[in-house]
Amino acid sequence: MPDSRAIADDLIRRFDLKPHPEGGFFAETYRSATRVLRAGEASETENTRAASTAIYYMLCDRAHSAWHRIRSDEVWHFYAGEPLLVHMLDESDAAGGALVTHRLGNPLTHPDTVYQAVVPAGMWFAAECADPASFALVGCTVAPGFEFSEFELAEVDALMARHPRHAELIGRLGAAR
């Protein structure tokens with residue numbers, strides 16, 4: 001049986017995964033031809049976006065997905081490897097922000113995991129492998145579709161100031177590596 005690193009390398013090659021600005025590797029696999037207008041925007045062609053997009057996303061080599069947010073809902077799907085932790089900061093909690101962590105994985109082999117998790121639009125989130133020495137291959141589906149112009153990396157110091165109870169986690173996952 002190949003080791004985890006060899007499997008990760010094979011998947012990177014097989015799916016032509018490229019480095020992602022938030023950390024890890026990705027490849028866009030789908031961009032809907034159907035265009036939608038985001039609610040509240042003028043009905044001009046340049047304000048439309050794909051109805052949905054999908055990517056493969058992999059974390060390995062102790063990489064993590066740095067804190068960021070997007071303007072659309074994002075559904076994470078587990079495919080292969082070991083469990084992945086998706087951390088979200090719920091800023092609607094007036095007591096410094098509630099931390100919600102989803103464990104993505106294969107529930108048949110890891111009963112404390114789920115196959116899918118949703119990150120609501122506008123929520124700060126980051127991800128890491130539950131076992132830093134392992135890898136996780138997941139998919140991310142975004143609707144309305146992902147646009148890099150709507151991607152925002154967190155200013156770590158500002159995020160820690162707003163969520164002091166979670167400063168250690170925010171600092172640790174603050175920058176892509």
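Listing for the model above:
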| read-out | value |
| --- | --- |
| Failed item, numbered, when ILE170 is tested on (1) in a helix (DSSP H, G or I); (2) out of contact with any Leu (no Cβ under 7 Å at 6 or more places or on another chain) | (2) |
| Pairs with Cβ under 7 Å, 6+ apart, first in segment 123-141 and closer than 16 Å to ILE70 by Cβ, second of a type in the set (D, E, K, R) and outside any strand (DSSP E or B) | none |
| Residue in segment 43-53 that is modelled with the highest pLDDT, counting only those that are among the hydroxyl-bearing types (Ser, Thr, Tyr) and in a strand (DSSP E or B) | THR53 |
| Residue list for segment 82-97, restricted to those being buried (at least 16 other Cβ atoms within 10 Å of the Cβ) and touching a residue at least 60 places away in the same chain (Cβ under 8 Å) | GLU82, HIS87, LEU89, GLU91, GLY97 |
| Qualifying residue in segment 13-34 (condition: basic (Lys, Arg), modelled with pLDDT under 95, more than 28 Å from PRO132 (Cα to Cα) and not in a helix (DSSP H, G or I)) | no |
| Residue among GLY81, GLY174, GLY122 that alone is at negative phi and small (Gly, Ala, Ser) | GLY174 |
| Set TYR79, TYR56: member being of a type in the set (Phe, Trp, Tyr), modelled with pLDDT of 95 or more, in a strand (DSSP E or B) and surrounded by fewer than 20 Cβ atoms within 10 Å (Cβ to Cβ) | TYR79 |
| Verdict on VAL100 being β-branched (Val, Ile, Thr), more than 17 Å from HIS20 (Cβ to Cβ) and free of Cβ contacts under 8 Å to residues at least 24 places away in the same chain | yes |
| Failed criterion for GLY40 (all others in (1) in a strand (DSSP E or B); (2) at pLDDT below 95 hold) | (1) |
| Unmet criterion (only one of (1) more than 18 Å from ALA63 (Cα to Cα); (2) in contact with a Lys or Arg (Cβ under 8 Å, 6 or more places away or on another chain); (3) surrounded by 19 or more Cβ atoms within 10 Å (Cβ to Cβ); (4) of a type in the set (A, V, I, L, M, F, W, C)) for PHE125 | (1) |
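Results for (1) touching an Asp or Glu at 6+ places or on another chain (Cβ under 6 Å); (2) among the β-branched types (Val, Ile, Thr), shown as yes or no for each residue.
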residue: ARG71; (1), (2): yes, no
residue: HIS77; (1), (2): no, no
residue: PRO83; (1), (2): no, no
residue: VAL86; (1), (2): no, yes
residue: LEU89; (1), (2): no, no
residue: LEU108; (1), (2): no, no
residue: TYR115; (1), (2): no, no
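The values are calculated or read from the model by the stated rules, or taken from the named source; none is laboratory data. Predicted model only: the values in this text are computed from it and were never measured. FYI the Cβ positions are ideal-geometry reconstructions off the backbone, even for glycines, and counts take in every protein chain you see.
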